[in-house]
Structure formats: structure tokens, C-alpha cells
Amino acid sequence: GQTTGNVLLQGVVADVLSITVTADGAANTLNLGTDATNLLVATVTETSNSVSGYEVTMESANGGTTGLLQGAAASPETLAYTISYDGTPITLAGGLFMVTNTTGKTASTGDAKAVTISYTGTFLKADTYTDTLTFTIAAK
């Protein structure tokens with residue numbers, strides 16, 4: 001006679017979904033009086049192993065169709081700027097844009113994407129001009 005036995009080999013991989021935003025030194029020392037072209041302001045590292053893929057959205061706190069650096073004074077001036085994500089120019093809609101939409105997964109160490117801005121230097125009123133870019137990752 002003959003008998004057989006089985007062994008089930010199994011491993012579980014947990015969901016990984018994270019985003020890390022690392023500001024570049026230029027991000028908070030912008031020279032607004034001088035033109036800037038594709039100035040690196042941040043690196044965003046997307047990490048996901050979602051079965052159905054993931055999306056990353058970017059939102060400008062002040063933006064409409066472009067980013068907008070806005071003064072803090074009572075009657076603030078503004079300076080519009082354009083944004084590129086991983087080398088692709090972005091057109092915001094209501095300050096929001098989906099910068100990544102994929103069915104794939106990232107490398108185990110994540111996929112690093114450069115965030116660059118461009119603007120025309122302008123003689124502005126003395127003030128501190130700011131905008132905040134918020135990046136959100138979500139599984140599909």
C-alpha cells in the first residue's frame with residue numbers, strides 16, 4: 001500500500017501604503033524676485049503593494065489652476081507658479097490634481113518623484129509668501 005501526506009506552504013504579505021514628502025532646501029528660501037525654472041522643492045516617495053493599484057493626489061492650499069504663493073498681509077499680493085510632478089507639468093482643477101494613477105505596485109523602497117516649480121520673478125510688497133502642497137496616497 002501507499003499513503004500520502006501534504007504540507008501547505010503559505011505566506012501572508014501585509015498591505016503597504018505610504019507616502020513620504022521630503023522638502024528640498026529651496027522650498028522655504030524661494031527668491032521671488034528672480035525667475036525660477038524647474039526648481040526642485042520636494043521629493044515624494046510613493047510606496048504601495050495594493051493588488052488593484054493606487055492613486056496620489058496633490059492639492060495646493062491657495063491654488064486654482066496653478067499654484068499660488070500668497071502674502072500674509074491684510075491686502076496680500078500673489079505670485080502664480082506652475083508645478084511639475086515627476087517631470088510632467090500639472091494643471092490644477094480647483095487646486096487639486098491626481099499626479100499618480102496606476103494599477104501597478106512600487107519598488108519595495110518606493111518610487112521617488114521630483115516636485116519642481118517654475119515662476120516669473122516679480123517685485124512684490126514686503127511680506128512672507130506661502131502655499132502648502134498636500135500629497136495623499138490611496139489604494140484603488
* Do we have Thr66 as surrounded by 17 or more Cβ atoms within 10 Å (Cβ to Cβ), in contact with a strand residue (DSSP E or B) (Cβ under 9 Å, 6 or more places away or on another chain) and β-branched (Val, Ile, Thr) here? -> yes
* To do: Give the number of residues within segment 17-41 that are on the phi < 0 side of the Ramachandran plot and either assigned to a strand (DSSP E or B) or surrounded by 15 or more Cβ atoms within 10 Å (Cβ to Cβ) (or both).
  => 17
* To do: Could you check Thr57 against (1) touching a residue at least 40 places away in the same chain (Cβ under 8 Å); (2) within 17 Å of Gly121 (Cβ to Cβ); (3) not aliphatic (A, V, I, L, M) and say which number it fails?
  => (2)
* **Close pairs (9 angstrom Cβ cut-off, 6 or more residues apart or separate chains): at positive phi in segment 99-123, open to solvent by less than 40 Å² (accessible area, probe 1.4 Å) and part of a strand (DSSP E or B) anywhere** => Gly110/Thr45; Gly110/Glu46; Gly110/Thr47; Gly110/Ser48
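The values are calculated or read from the model by the stated rules, or taken from the named source; none is laboratory data. Quantities reported herein were computed from a predicted structural model and do not represent experimental measurements. A quick note on method: Cβ atoms are made from the backbone with ideal geometry, for glycine too, and the neighbour counts reach across all protein chains shown. Note: accessible area is taken over every heavy atom of the protein model, side chains too, but ligands, DNA and RNA are not part of it. Shrake-Rupley method; radii C 1.70, N 1.55, O 1.52, S 1.80 Å.
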